[in-house]
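Q: My structure is below; once you've seen it, I'll send some questions.
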Amino acid sequence: MPVYLVQHGAAKTKEQDPERPLTDLGRDEVERVSRAAGSLAIPIATIFHSGKTRARQTAEIFARHLEPTSGVEELAGLGPTDDPEMAHRTLTQGEESVMLVGHLPHLGRLASLLVTGDPADDVIAFRNAGLVCLACTASQWTVQWVLTPELVIATGAA
């Protein structure tokens with residue numbers, strides 16, 4: 001069962017807008033990566049997000065291209081400083097592929113927890129609007145692939 005982790009797109013600073021919505025560049029990069037992901041026909045049941053504006057907007061853009069069967073939902077435990085064990089429990093209880101749209105350092109800690117068992121390890125260098133696919137086989141999580149805005153441009157996948 002693959003799991004897809006996405007760091008929200010680039011967002012405005014608190015000084016620019018306290019709600020921190022996506023910037024024009026952030027929206028464009030998320031659009032490119034989600035379009036490329038859509039062309040891969042990635043099957044997603046649900047796209048979960050942290051509830052923060054930038055994560056919700058990112059999730060909604062991905063949903064337009066991936067058409068998750070159960071839609072887009074807010075999920076507790078995906079905030080920047082939340083314990084990755086909460087999301088880990090959600091992933092291990094489910095049987096369908098899901099996407100989690102969140103923040104650093106949480107996503108990095110979650111990926112490390114899944115792959116090595118230690119959230120303090122560094123296994124992925126996340127990037128705004130980047131998409132990471134992890135898969136679990138025989139109770140071992142591995143990184144399957146990564147898609148970034150730069151890779152989409154370089155390969156012409158968008």
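The values are calculated or read from the model by the stated rules, or taken from the named source; none is laboratory data. Computed from a prediction, not measured in an experiment: that's the story for all the values here. All Cβ positions, even for glycine, are placed from backbone atoms using ideal geometry, and neighbour counts span all protein chains on display. Side chains are part of the model used for accessible areas, which takes the heavy atoms of the whole protein and leaves out ligands, DNA and RNA. Shrake-Rupley method; radii C 1.70, N 1.55, O 1.52, S 1.80 Å.
Q: Only one of A111, A129 is open to solvent by less than 60 Å² (accessible area, probe 1.4 Å), at pLDDT 95 or above and under 19 Å from L40 (Cα atoms). Can you tell me which?
A: Of A111, A129, the one residue that is open to solvent by less than 60 Å² (accessible area, probe 1.4 Å), at pLDDT 95 or above and under 19 Å from L40 (Cα atoms) is A129.
Q: Let me ask something else about it. Where in the stretch 71-158 are the helices (runs of 4 or more DSSP H), entirely inside, with at least 2 residues that are over 14 Å from the mean Cα position of the chain (by Cα) and within 21 Å of L22 (Cβ to Cβ)?
A: Output list reads 149-155.
Q: In addition: Which condition breaks for L147 when tested against (1) among the hydrophobic types (A, V, I, L, M, F, W, C); (2) farther than 18 Å from I44 by Cβ; (3) surrounded by 18 or more Cβ atoms within 10 Å (Cβ to Cβ)?
A: (2) is the only condition that L147 fails.
Q: A further question follows. For I42, only one of the following conditions fails: (1) open to solvent by less than 60 Å² (accessible area, probe 1.4 Å); (2) under 15 Å from G79 (Cα atoms); (3) part of a loop (DSSP other than H, G, I, E, B); (4) not basic (K, R). What is its number?
A: All conditions pass for I42, except number (2).
Q: In this structure, is T90 open to solvent by 10 Å² or more (accessible area, probe 1.4 Å), among the β-branched types (V, I, T) and under 18 Å from A10 (Cα atoms)?
A: It is false that T90 is open to solvent by 10 Å² or more (accessible area, probe 1.4 Å), among the β-branched types (V, I, T) and under 18 Å from A10 (Cα atoms).
Q: So, one more: For the stretch 1-39, enumerate the residues that are aliphatic (A, V, I, L, M) and not in a helix (DSSP H, G or I).
A: M1, V3, L5, V6, A10, A11, L22
Q: Looking at F48, F62 in this structure, which one is of a type in the set (F, W, Y), assigned to a strand (DSSP E or B) and either in contact with a strand residue (DSSP E or B) (Cβ under 9 Å, 6 or more places away or on another chain) or modelled with pLDDT of 95 or more (or both)? Spell out the reasoning first.
A: Numbers: F62 fails: assigned to a strand (DSSP E or B).
Result: F48 is the single residue among F48, F62 that is of a type in the set (F, W, Y), assigned to a strand (DSSP E or B) and either in contact with a strand residue (DSSP E or B) (Cβ under 9 Å, 6 or more places away or on another chain) or modelled with pLDDT of 95 or more (or both).
Q: Can you pull out the residues in the stretch 89-108 that are touching a Gly at 6+ places or on another chain (Cβ under 8 Å) and at pLDDT below 95? Steps first, answer last, please.
A: Here is the first cut: in the stretch 89-108, the ones touching a Gly at 6+ places or on another chain (Cβ under 8 Å) are 90, 102-103, 106.
Answer for the stretch 89-108, where residues must be touching a Gly at 6+ places or on another chain (Cβ under 8 Å) and at pLDDT below 95: just T90.
Conditions tested, residue by residue: (1) without any contact (Cβ under 8 Å) to a residue 60 or more places away in the chain; (2) open to solvent by less than 20 Å² (accessible area, probe 1.4 Å); (3) out of contact with any His (no Cβ under 7 Å at 6 or more places or on another chain).
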position	(1), (2), (3)
M1	no, no, yes
L5	no, yes, yes
T13	yes, no, yes
L25	yes, no, yes
V33	no, yes, yes
F48	yes, no, yes
R64	yes, no, yes
T69	yes, no, yes
